[in-house]
Each structure stands twice: as C-alpha cells, then as structure tokens.
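First the structure, in the form of structure tokens, and then the observations on it.
The values are calculated or read from the model by the stated rules, or taken from the named source; none is laboratory data. Owing to the predicted nature of the structure, the values given are computational and were not obtained by experimental measurement. Cβ atoms come from the backbone with ideal geometry, glycine included; neighbour counts cover every protein chain shown. These accessible areas exclude ligands, DNA and RNA; they are computed on the full protein's heavy atoms, side chains included. Shrake-Rupley method; radii C 1.70, N 1.55, O 1.52, S 1.80 Å.
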There are 2 protein chains.
Amino acid sequence: MTDDDDRVFKALADPTRRFLLDLLFTREGRTLTELESEVEMTRFGVAKHLKVLEEAGLVVVRRSGREKLHFLNPVPIRLIHDRWIDKYTERHVTALVDLKNALEDET
Amino acid sequence: MTDDDDRVFKALADPTRRFLLDLLFTREGRTLTELESEVEMTRFGVAKHLKVLEEAGLVVVRRSGREKLHFLNPVPIRLIHDRWIDKYTERHVTALVDLKNALEDET
DNA sequence: TTGACATGTGACCTAATGGTCACATAACTT
DNA sequence: AAGTTATGTGACCATTAGGTCACATGTCAA
C-alpha cells in the first residue's frame, strides 16, 4: 500500500507524465502512437512514461489487436485528496478554490 | 503557474516529505526540532525537506522567536484533485472510494 | 554576557531518474 | 508471403535529487 503510494506520487512528479494524463483527461482511449504525436519526445520515452503511469494505476490499458488503448483512472487522485483533506476541511478549501477561480475569471 | 505545479508534485514525490505532511495533518504548528525527532534522519535532511514543502506552498510557516512553526496548506492538494476529476466524475469516484473503504472495514 | 538552543548555508557524494538508441516481436494489409 | 504498422526490451549516458557534514547566525535564559 505504501509502495503503491510511492509509485503514484513518483509517477506524478514528471511534467511529461502529467501532460499525458491531461491528454487522456480530455479524451480517453488513445494509443501510444497517438500520444507520441502530441509530445516532443521519441516513442521510447513516451512508452516508458506510460509504463510508469500504468504501474502506478493512474492509467488503465485495454488491448485491441496490435493497439494499446490508454484510459485515465481517477481513483488514486481521489485518494491523495482524502489523505490530507478531511470532510470538514474540504468545505473550506473548495470554497477558497472556487473564490480564487471566480476572481481570476473576472480579470 | 506550471512551475508552481512542478514544485508541488516534486515535493510530494518523496516519502519523507509525505510523512512530514502526515505529521502536520494530525497536529499543526510544529517546529523543525519537533519534526526531526519523528524521523530517522539528521536535522539537516529534515530542514531541506521542509524547505521544499514550503517553496511548493504545501507548508506555511510562522516565526515565533527563534522557533519556526509549520502548518499544512491543503489548497495545492485540492488543485491536484480538480485537475483530473471533474464535478461529474467526482460523484462516481467518491462513491467508489467509499465502497472500497467500507469493504476494507468489514474484514 | 555567556552558554545553550533553534535554525540557516554551501559543499560534497551517492543513487535514482529521464531520455535515446539498436534490436526484437506481434498484428494488420495487400 | 512480404511490407508496414504498433508496441516491447535492455543497455547506455547525462542530469537531478536525497542525505550528511562543517560552519554560521540569531534568540532565549541565567
């Protein structure tokens, strides 16, 4: 469990991997080749990053013939949230974040 | 803003730093010396970790004489959540996590 | 003001990480 | 069957990150 934690946080520590999650957040079920075209990096680098994300459970894959489809799994993200934000604090924090977003939209 | 992101995720990538956040989650306003006594590491290592957490905005400090009191700031954590979990998905995920916790409590 | 306490800085070493490449397997297409 | 497409593996190198230490500053208490 602690090792799982570690894999998740280590996986999130790299900007390229976070960008890959962003891509899957906007549209799921993408292949390696498709993701590769969005990133300034060789296929091998991207494959390595996807493997890290998969082993962390942040990305789930489904094979379809020779293609490998990638999906974002939000559960580990929610667990990070729950680790340091209890139900009571959550209300205050969300209010604060909403306020911050509202102010930024105005300008 | 992207640099801020990077600092937050890099800060969370280390197990010692996550443990320090856990300590501050249970009780805030701790000093360096106090936190040091909870960790198998020299004072210098802990100080370095706290600096990383502070620069990431995950920890906020208040000086009191020669002491430095540390507090957990949950806002960056919430922002991580909001980045990959939209309002619609949130309901499904929280239900899933609650179910998982319920099942684990039964055993 | 003298000594103990709390924290800060910069150098240094080792281990882990990100990225590329040569090579390899498996599956569609014609 | 042959060529093309999609992905997998292991070695390799440059860079970053975690941890310790010698040294230094600032604060409290007697």
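Would you confirm whether or not segment A:60-71 contains a residue that is within 18 Å of the chain's Cα centre (by Cα), on the phi < 0 side of the Ramachandran plot and facing chain B (nearest Cβ under 10 Å)? Explain how you work it out, then say what you get.
Taking segment A:60-71 first, the residues within 18 Å of the chain's Cα centre (by Cα) are A:60-62, A:68-71.
Cutting the leftovers down to on the phi < 0 side of the Ramachandran plot gives us A:60-62, A:68-71.
Okay, now just the ones that are also facing chain B (nearest Cβ under 10 Å), so none.
No, segment A:60-71 has no match at all.
The rows are residues; the columns are (1) closer than 27 Å to residue A:88 by Cα; (2) at pLDDT 95 or above; (3) within 8 Å of DNA strand C (Cβ to nearest atom).
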residue	(1), (2), (3)
B:18	yes, yes, no
B:21	yes, yes, no
B:25	yes, yes, no
B:39	no, yes, no
B:43	no, yes, yes
B:53	yes, yes, no
B:56	yes, yes, no
B:61	yes, yes, yes
B:64	no, no, no
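Being under 20 Å from residue B:86 (Cα atoms) and away from DNA strand D (no atom under 14 Å from the Cβ) is the filter; apply it to segment A:24-45 and report the residue that is surrounded by the most Cβ atoms within 10 Å (Cβ to Cβ). Quick ask: steps written out before the conclusion?
Start the filter on segment A:24-45 by keeping residues that are under 20 Å from residue B:86 (Cα atoms), which leaves A:24-30.
Next cut, away from DNA strand D (no atom under 14 Å from the Cβ) only: A:25-27.
Details: A:25: 15, A:26: 8, A:27: 9.
Result: A:25.
For segment B:64-84, does any single residue satisfy the condition of being open to solvent by 40 Å² or more (accessible area, probe 1.4 Å), hydroxyl-bearing (Ser, Thr, Tyr) and out of contact with any Phe, Trp or Tyr (no Cβ under 7 Å at 6 or more places or on another chain)?
yes
Can you say whether residue B:45 is at positive phi and either of a type outside the set (D, E, K, R) or within 14 Å of another protein chain (Cβ to nearest Cβ) (or both), as far as the supplied structure shows? Walk me through it before giving the result.
Working: at positive phi: no; either of a type outside the set (D, E, K, R) or within 14 Å of another protein chain (Cβ to nearest Cβ) (or both): yes.
When the stated conditions are applied, residue B:45 does not pass them.
Select, from A:103, A:20, the only residue that is open to solvent by less than 40 Å² (accessible area, probe 1.4 Å), more than 10 Å from chain B (Cβ to nearest Cβ) and either more than 30 Å from residue B:98 (Cβ to Cβ) or outside any strand (DSSP E or B) (or both). Step through it out loud before you land on a result.
On the way: A:103 fails: open to solvent by less than 40 Å² (accessible area, probe 1.4 Å).
Among A:103, A:20, only A:20 is open to solvent by less than 40 Å² (accessible area, probe 1.4 Å), more than 10 Å from chain B (Cβ to nearest Cβ) and either more than 30 Å from residue B:98 (Cβ to Cβ) or outside any strand (DSSP E or B) (or both).
Scan segment B:23-53 for residues that are assigned to a loop (DSSP other than H, G, I, E, B) and among the acidic types (Asp, Glu) and report the count. Break it down stepwise before answering.
Step one: of segment B:23-53, the residues assigned to a loop (DSSP other than H, G, I, E, B) are B:27-29, B:31, B:37-42.
Of the ones still in play, those that are also among the acidic types (Asp, Glu) are B:28, B:38, B:40.
Matching residues across segment B:23-53 total 3.
Output the residues belonging to segment A:1-13 that are more than 8 Å from chain B (Cβ to nearest Cβ) and at pLDDT 95 or above.
If we filter segment A:1-13 for residues that are more than 8 Å from chain B (Cβ to nearest Cβ), which is where we start, we get A:1, A:3-4, A:7-8, A:11.
Within segment A:1-13, A:7, A:8, A:11 meet the criteria.
I need the full set of residues from segment B:46-62 which are within 12 Å of DNA strand D (Cβ to nearest atom) and either open to solvent by less than 20 Å² (accessible area, probe 1.4 Å) or aliphatic (A, V, I, L, M) (or both), in order please. Give the derivation first.
Of segment B:46-62, the ones within 12 Å of DNA strand D (Cβ to nearest atom) are B:46-53, B:55-56.
Correct list: B:46, B:47, B:50, B:52, B:53, B:56.
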